[in-house]
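Input: a single structure, listed below in structure tokens.
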Amino acid sequence: HAKEIAKNTGPKLDWTAPKPADFVSGLKDFIQQNPDNYAALVAQAEGLLQEKKWAEAKAPLQKLIDLYPQQNDAGSAYAMLAHVHRELGEADAELAMLNKVVELSSDATDAYERLMKIGAQRKDWPMVIANAERFAAVNPLSRTPHAAEAEAREALGEKPAAIRAYRTLLEVGATDPAEAHYRLARLLHTTGDPAAKREVLLALEDAPRFRAALALLLEINGQPSDPPRVNPNNP
């Protein structure tokens, strides 16, 4: 059974591992003589990426995809080609490649993260949430998916879900805890939850000069956010 699986994995590719002596005359010459060799095509593509020859890297990457369309590694030719499209400013093509990566690989966290960023830029919040959930399923202790989900849920007005996401983010360790506590406090305050005061105080504990948090605390306490100045000469 294992042999059958191996035979059907990229059957159009030459999987022979080149020896150092095979590259004496250069990688280009070796590929001309062995145009379908997997290791040589990958080496050529990676070399072009390192040299930032984005347009030239398309050819070996596309060939790898054509010869082995079911690549399911997170760092597959699809992922490398998505990077090429990004560098060339080809947004739709990049998105298509990223979607192919996550279709074939369930643990492609780099692709999930990039899709979340694209979704946020486009304000496509359902797209952000979908990929945040996929990312969290692979690595639930990463702050990245929880931060993205919290932002998306808040933008959609899904307050209970946003509150849960911010609490999870704070548990795993937010990059900016003051901002996370403030946003959580703001959401809690809009729902009438008295826990908002604790969260805004935690935000101010981390960042005492956080003006938005100070204003929110005054609002929670029923005080004007910009109290009148007291004239020291007329107490």
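The values are calculated or read from the model by the stated rules, or taken from the named source; none is laboratory data. Being a predicted model, the structure only gives us computed values, none of them experimental. Note: ideal-geometry Cβ built from the backbone for every residue, glycine included; neighbour counts use all protein chains shown. Ligands, DNA and RNA are excluded from the accessible area calculation, which covers all protein heavy atoms including side chains. Shrake-Rupley method; radii C 1.70, N 1.55, O 1.52, S 1.80 Å.
Only residues that are surrounded by 19 or more Cβ atoms within 10 Å (Cβ to Cβ) and basic (Lys, Arg): list them for region 72-131, please.
Scanning region 72-131 gives 100, 114.
Please note which helices (runs of 4 or more DSSP H) are completely contained in region 136-209 and include at least 3 residues that are of a type in the set (Ser, Thr, Tyr), modelled with pLDDT of 95 or more and open to solvent by less than 50 Å² (accessible area, probe 1.4 Å).
On the way: elements: 143-155, 159-172, 177-190, 195-206.
Those helices (runs of 4 or more DSSP H) do not exist here; none qualify.
Looking at (1) within 15 Å of the chain's Cα centre (by Cα); (2) at positive phi, which one does residue 173 not meet, given that it meets all the others?
(1)
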